[in-house]
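Undergrad: Provided herewith is a single structure, encoded as structure tokens, for subsequent inquiry.
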Amino acid sequence: MSVRPFVPVRDAVILAAGNGDRFRNSHHHSKLLHPVLGQPLILRTLQAAADAGISTFTVVLGFEADRVRAAIEAHPIPGATTRFVLNTDWHLENGISALRARELCNGHRFALLMGDHLFEPPVLRGLASAAAGDADCLLAVDGRASDPAVAAEATKVRLDGDRIVQIGKHLDAWDALDTGLFVFTSAVFDALEQARCEGDTTLSAGVQRLAARRMMRGVPIGDAAWCDVDTLDDLRAAESLLASAENDPA
């Protein structure tokens, strides 16, 4: 198997189309606009990606697209290019949002991130610069012991060495949690199309098809912090995590 030379990934697709129906805030707007320590969630995600070396963003919008786009455009990231695509079927699963970015990815390797996931930049920097076979796609995975309540809601993976062999929310046995940070080749789009034709519009369904072809590798995040903000409780946990990191940057 040939291994790609060291060429860090600089492009990222950000999935920002969903309505966050488990996030019950008082104003009923997109959770991506909800402040996290004073800064909208989507801006924190974009800034973390930029700090990891991403310089071109394709943001897939849907629910409250105009509001989310306006918030991003009001706070441009210096030196970065941001493009937007609209997913009018945002009420479907996130695999449809990923497919909307297909034409803008130009066959290149790219990172794919969730707009509502917070993470430490070194996690994405390591993923984007990891050596990989020409056909390999990567997922940052967290193999640490986790709170059962967190694990119950998370997408989980089973591993064979560093190869992902299963992914899903309802695995009976699993080895790590899916952090929502990926590096894909263009093969993911054909996998997502196949899954959609078979009635499954989740991103995980496309990833499972890649895993069945042994094209998915798990990359451990070590002791790095990350958070999937699905609920107000998640938001409070994320704020506590970020506050601790900012107070103790070492």
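Undergrad: Can you give the accessible area of Cys105, probe radius 1.4 Å, in Å² rounded to 10?
TA: Only protein atoms counted, so the area is about 10 Å².
Undergrad: Per DSSP H run of at least 4 residues, take -39500 (n - 2.57); add these up for the chain, divide by its residues and hand me the 222 nm value, nearest 500 deg cm²/dmol.
TA: Value at 222 nm, helices only: -9500 deg cm²/dmol.
Undergrad: Using +1 at the C-beta of Lys and Arg and -1 at the C-beta of Asp and Glu, which of Val229, Ala132, Ala205 has the Cα lying farthest in the positive direction of the dipole of the chain?
TA: Of the options given, the answer is Ala132.
Undergrad: Could you list the GluC sites (Glu not before Pro) in the range 130-229 that lie in coil according to DSSP, counting only those with at most 12 other Cβ atoms within 10 Å of their Cβ?
TA: Glu198
Undergrad: Return the single residue from Ala173, Ala237, Ala191 with maximal mean-square fluctuation; model: Gaussian network over the chain, springs between Cα atoms under 10 Å.
TA: Ala173
Undergrad: Report the accessible area of His108, computed with a 1.4 Å probe over the heavy atoms of all protein chains in place, in Å² rounded to the nearest 10.
TA: Rounded to the nearest 10, that gives 100 Å².
Undergrad: To continue, here is another question. By how many nm would the segment from Ala224 to Ala74 lengthen if fully extended, with 0.36 nm per residue of separation less the alpha-carbon distance?
TA: Full extension of this stretch gives 51.0 nm more.
Undergrad: So, one more: Hey, if we sort Trp90, Trp226 by accessible area with the 1.4 Å probe, largest down, what's the order?
TA: Largest accessible area first, the residues go Trp90, Trp226.
Undergrad: When Rg is the radius of gyration of the Cα atoms in the range 21-124 and Rh is its Kirkwood radius, what does Rg/Rh come to?
TA: When Rh is taken as the Kirkwood radius, the ratio is 0.94.
Undergrad: So if I average 1/r over every pair of distinct C-alpha atoms in the chain and take the inverse, what Kirkwood radius in Å does that give?
TA: It is 18.2 Å.
Undergrad: In terms of solvent-accessible area of protein heavy atoms at a 1.4 angstrom probe, what is the ranking of Phe184, Phe119, Phe63, highest value first?
TA: Largest accessible area first, the residues go Phe63, Phe119, Phe184.
Undergrad: Further, regarding this structure: So if we plug the beta-carbon distance of His91 and Ala212 into 1/(1 + (r/R0)^6) with R0 = 30 Å, what FRET efficiency do we get, rounded to 0.05?
TA: The pair His91/Ala212 has a calculated efficiency of 0.60.
Undergrad: Which ³J(HN,Hα) values, rounded to whole Hz and listed in residue order, are derived for the range 216-228 from phi using the Karplus coefficients 6.51, -1.76 and 1.60 in 6.51 cos²θ - 1.76 cosθ + 1.60 with θ = phi - 60°, glycine and proline given as x?
TA: For the range 216-228, the Karplus curve yields 10, 10, x, 10, x, 9, x, 9, 5, 9, 7, 7, 9 Hz.
Undergrad: Can you give the extra length, in nm with one decimal, that the chain gains between Arg144 and Arg236 once fully stretched, where that is 0.36 nm per residue apart less the Cα-Cα distance?
TA: Full-extension gain reported as 31.0 nm.
Undergrad: Return the sequence-ordered ³J(HN,Hα) values of the range 107-113 in whole Hz as given by the Karplus equation 6.51 cos²θ - 1.76 cosθ + 1.60 applied to θ = phi - 60°, using x for Gly and Pro.
TA: x, 8, 5, 8, 7, 10, 10
Undergrad: A further question follows. Taking 22 Å as R0, compute the FRET efficiency from the Cβ-Cβ separation of Gln39 and Thr81 and round it to 0.05.
TA: Efficiency at R0 = 22 Å is approximately 0.55.
The values are calculated or read from the model by the stated rules, or taken from the named source; none is laboratory data. Just so we're clear, the structure is a prediction, and the values are computed from it rather than from any experiment. Positions of Cβ are generated from backbone atoms using ideal geometry, with glycine treated the same way; all protein chains shown enter the neighbour counts. The accessibility values were calculated without ligands, DNA or RNA, using every heavy atom of the protein model including side chains. Shrake-Rupley method; radii C 1.70, N 1.55, O 1.52, S 1.80 Å.
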